Amino acid sequence: MDPLSQAITQWKIPVGAMGKAAIDWVVEYFQWFFDGLSTVLEWLVVGLTDLLLFFPPVALALALAGFAWWYQRSWKLALGVLAGLLFILNQNLWEQTVQTLVLVLAATILSMAIGVPLGIWAAHKPKVWQITQPTLDLMQTLPTFVYLIPILILFGLGAAPALIVTIIFAMPAPVRMTYLGLTTIPKPMLEAGESFGATKRQLLWKVELPAALPSIMAGLTQCIMLSLSMVVFATLIGAPSLGNPVNKALANRNIPLGIEAGLAIVILAIILDRVLAAQRSRKA
């Protein structure tokens, strides 16, 4: 190694040690908060999962297919949803699929509840976006295994830390798409609303959000797909989901189980995407 490189590497910046010290400080003074939050999230996910598993699988599959038909007015989509769910049931992966569905929906709802208001705020406050943008870049580019460790320390094992990790991974999508939708609204449309005497709140709810709705719905679809892609990783910290048979198949080189679990994930992703994609098109 050349002298310059030796001089640079001789005094290593203790980034890891500083990060550990920060996490230790948070654990020491705020562990009560994280324990309470973990309890609430665990109760939410496990309770909803138990509720859905209480119903007979065929009855729940029919109910979900009926909801798809009611929501989209498409019997073809409803038939596809029913066929996909019955195939999953046939593969003995129904419980894991319901667990995955609950985890994805909970993460999506919380991500949208945080991301959309944050995107609205950033679209109206350029300084907020200057701070938010690099934070979102960090959330999207930081390897998943890096923040699994502090999340595991703060929340322990189970559905709660898996939900938190999924939110961190998926939330940038609704923030960015909401910001994009609001900042690309034609100025004449906004000027027309202002000329009619609309207040800022009226302009937001009656002009900006309706115009940005297709972009927001695209963010919703991306959020669901990103949440679903976290299924395999979330099992490493105790999340009950379809990632369990995938990891088991990988560890045991069980090709049939891997194919079955992979197909179940694909079918669930297609069902969620088709339902929301059709609704997004109709809204647009």
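The values are calculated or read from the model by the stated rules, or taken from the named source; none is laboratory data. If you're wondering where the values come from, they're calculated on a predicted model, not measured in any experiment. Quick reminder, even Gly has a Cβ in these numbers, built from the backbone with ideal geometry, and neighbours come from all protein chains shown. The area values use the complete protein model at the heavy-atom level, side chains included, leaving out ligands, DNA and RNA. Shrake-Rupley method; radii C 1.70, N 1.55, O 1.52, S 1.80 Å.
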Fill in: ³J(HN,Hα), Karplus 6.51/-1.76/1.60, whole Hz, each residue of region 209-215, x for Gly, Pro
5, x, 5, 8, 4, x, 5
Fill in: 10 Å Cβ shell holding at most 16 others, DSSP loop, trypsin sites (Lys or Arg not before Pro): longest site-free stretch of the chain
74-252
Worksheet item: When the accessible area of the chain is computed with all protein chains present and a 1.4 Å probe, what percentage of it is carbon and sulfur?
Response: 71
Worksheet item: Under the Karplus relation 6.51 cos²θ - 1.76 cosθ + 1.60, θ = phi - 60°, what is the ordered set of whole-Hz ³J(HN,Hα) values for region 78-92, x standing for Gly and Pro?
Response: 4, 5, x, 4, 5, 5, x, 5, 5, 5, 4, 4, 4, 8, 6
Worksheet, complete the sentence: Percent relative contact order for the chain, counting Cα pairs under 8 Å at least six residues apart, stands at 23
Item to complete: Quick one: net charge around L79, please, counting Lys, Arg +1 and Asp, Glu -1 for every other residue with C-beta under 15 Å from its C-beta.
Response: +3
Response to the item:
Karplus-derived 3J(HN,Hα) from phi for region 48-62 (6.51 cos²θ - 1.76 cosθ + 1.60, θ = phi - 60°), whole Hz, x at Gly and Pro, runs 5, 5, 4, 5, 5, 6, 5, 7, x, x, 5, 5, 5, 4, 5
Worksheet item: GNM, the chain, Cα, under 10 Å: largest mean-square fluctuation among Q96, Q140, Q222?
Response: Q140
Fill in: Per-peptide average of other Cβ atoms within 10 Å, ordering 153-165, 185-197, 208-220 highest first
153-165, 208-220, 185-197
Discussion item. Going by Cα centres, region 59-125 and region 200-252 are how many Å apart?
Written reply: 10
Practice prompt. Taking only Cα atoms and a 10 Å spring cutoff, compute GNM fluctuations for the chain and point out the largest among V207, V46, V232.
Written response: V207
Worksheet entry | Accessible surface, region 45-87, averaged per residue in Å² (probe 1.4 Å) | 62
Response to the item:
Label model pair E95, T184: point-to-point distance (7 angstrom along the Cα→beta-carbon line) in nm is 4.5
Practice prompt. Compare A261, A61, A173 in a GNM of the chain, Cα atoms joined below 10 Å, and give the one with the largest fluctuation.
Written response: A61
Response to the item:
Interchain or sequence-distant (5+) residues whose placed amide H lies within less than 5 Å of the amide H of G158 are G238, A239
Worksheet item: Which sequence of M225, M139 reflects their accessible areas, 1.4 Å probe, from the largest down?
Response: M225, M139
Practice prompt. Write down the accessible area per residue of region 163-284 in Å², having rolled a 1.4 Å probe over the full set of protein chains.
Written response: 50
